[in-house]
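Before any comments, here is the structure.
The values are calculated or read from the model by the stated rules, or taken from the named source; none is laboratory data. Here the structure is a predicted model, which means the values were calculated and not measured. Positions of Cβ are generated from backbone atoms using ideal geometry, with glycine treated the same way; all protein chains shown enter the neighbour counts. Protein only, heavy atoms only, side chains kept; ligands, DNA and RNA dropped before computing areas. Shrake-Rupley method; radii C 1.70, N 1.55, O 1.52, S 1.80 Å.
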Amino acid sequence: MSRGKFIALEGGEGAGKSTQARLLADALRQRGQACVITREPGGTAGAEAIRGLLLGTEGEGWHPRAEALLFAAARSDHVERLIIPALERGEWVICDRFVDSSRAYQGGGSGLSDAEVLDLHRIGSGGLLPDLTLLIEVSPAVVAQRLALRDGDQADRIGGRDADYHAAVASAFRRFAAEAPARFARIDGDGAADAVHSAVMAALAALLP
Ligand code: TYD
């Protein structure tokens, strides 16, 4: 049995990652490919508990380094207990956010160095990287519209950070994709979900069963 493929979806808030994860999983299952859809932070009971600690809006929140450690701890549990076993069973894993979110948010947004974030990932998760990372990019005006519909004034602790923070996150994602073009596909996320899905399938063509 060959190992499954590990696909991550990345991008800012309201990029449509979870919709695209669902459409991709449906398309894979139609081709007879078993897959699991999962998300970060979360995906296992322990990591979902850490998600609550990270995104809840009560209290004063976390120092950026503590926040980075919690994301890395959640990811470690998720990788060990869900992602690697599924890949070893030959399933594809479609993950809504992975380590590039830590690099972009805790690094680009909150100021940890990329080397520090990657060190935490090496310790927690053996440095596991997706076979392909789909970076879904949406223009700021479209994001603002989608988030107003989705969150109203109920953004989570990280989603609710200011526009400068989210601009730094978006520019970090662009930088990572430019630095590692073999590992990233940049997808224009402004259009309708089915058009974006076609672009996702085209980007995955070389990997598809
Ligand atoms: P979520 O609601 O899952 O994301 P989205 O808004 O894209 O639907 O919330 C996850 C939040 O956590 C989001 O603001 C990004 C942030 N995050 C990090 O800061 N670092 C990370 O490593 C991950 C996985 C997420």
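In the stretch 97-131, the residue that is farthest from residue 15 (Cα to Cα) out of those that are open to solvent by less than 60 Å² (accessible area, probe 1.4 Å) and touching a strand residue (DSSP E or B) at 6+ places or on another chain (Cβ under 7 Å) is 130.
Considering 160, 126, 90, 111, the condition of being touching a residue at least 40 places away in the same chain (Cβ under 8 Å) and in contact with a Gly (Cβ under 9 Å, 6 or more places away or on another chain) is satisfied by 90 alone. The combined condition, being closer than 17 Å to residue 157 by Cα, at pLDDT 95 or above and surrounded by fewer than 22 Cβ atoms within 10 Å (Cβ to Cβ), is fulfilled by residue 67. Of the helices (runs of 4 or more DSSP H) lying entirely inside the stretch 1-108, those containing at least 3 residues that are under 20 Å from residue 119 (Cβ atoms) and within 14 Å of the ligand (Cβ to nearest atom) span 45-55, 64-78, 99-102. Considering the stretch 155-183, and only residues there that are part of a helix (DSSP H, G or I) and among the aliphatic types (A, V, I, L, M), the residue that is surrounded by the most Cβ atoms within 10 Å (Cβ to Cβ) turns out to be 169. Of the residues in the stretch 139-149, none is surrounded by 14 or more Cβ atoms within 10 Å (Cβ to Cβ), at pLDDT 95 or above and within 11 Å of the ligand (Cβ to nearest atom).
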